[in-house]
Amino acid sequence: MADPQRFLIVNGPSKWDLMLALLDGDCTSRRRVVFSLQSEKNKSMPVPDQEFIINGIDREDGSGEGWLIRGISTAPHDKRMQAYFSTKTRHGWLKLI
């Protein structure tokens, strides 16, 4: 199995958009969120924004602003995703697995 691809999240959805992505829609029509990413290994290498379908969110801490997220990338390869994301700073990390 290949090592997961890791990225830094440099911008992402609001708490409201994240909530709607999880709760709104059905199996044929899902809301999507976009994360702006940066390579963790080579910060000068450009990475295109990535769109994801959110399948699960857990509280990371008691702040109400830190989240552990699970989802699927929508293109190009429909990879599973795990992330930590702060809705306060809109930063975090993301890995494609």
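The values are calculated or read from the model by the stated rules, or taken from the named source; none is laboratory data. Predicted model, so just to flag it, every value in this text is computed and none were measured. No Cβ is skipped: glycine too gets one built from the backbone with ideal geometry, and neighbour counts run over all protein chains shown.
So is Ser44 surrounded by fewer than 16 Cβ atoms within 10 Å (Cβ to Cβ), within 22 Å of His77 (Cβ to Cβ) and either under 12 Å from the mean Cα position of the chain (by Cα) or not charged (D, E, K, R) (or both) or not? No; evaluated as a whole, the condition is false for this residue.
Results for (1) under 19 Å from Leu96 (Cβ atoms); (2) surrounded by 15 or more Cβ atoms within 10 Å (Cβ to Cβ), shown as yes or no for each residue.
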position: Ser14; (1), (2): no, no
position: Ser29; (1), (2): no, no
position: Ser39; (1), (2): yes, no
position: Asn55; (1), (2): yes, no
position: Gly64; (1), (2): no, no
position: Ala75; (1), (2): yes, no
position: Lys79; (1), (2): yes, yes
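Cβ-Cβ contacts under 6 Å between residues 6 or more apart (or on different chains), taken from a first residue in segment 81-97 that is without any contact (Cβ under 8 Å) to a residue 12 or more places away in the chain to a second residue that is surrounded by fewer than 19 Cβ atoms within 10 Å (Cβ to Cβ), are absent.
Residues in segment 7-26: is at least one within 15 Å of Ala75 (Cβ to Cβ), hydrophobic (A, V, I, L, M, F, W, C), within 12 Å of the chain's Cα centre (by Cα) and modelled with pLDDT of 90 or more? Checked segment 7-26: no residue is within 15 Å of Ala75 (Cβ to Cβ), hydrophobic (A, V, I, L, M, F, W, C), within 12 Å of the chain's Cα centre (by Cα) and modelled with pLDDT of 90 or more.
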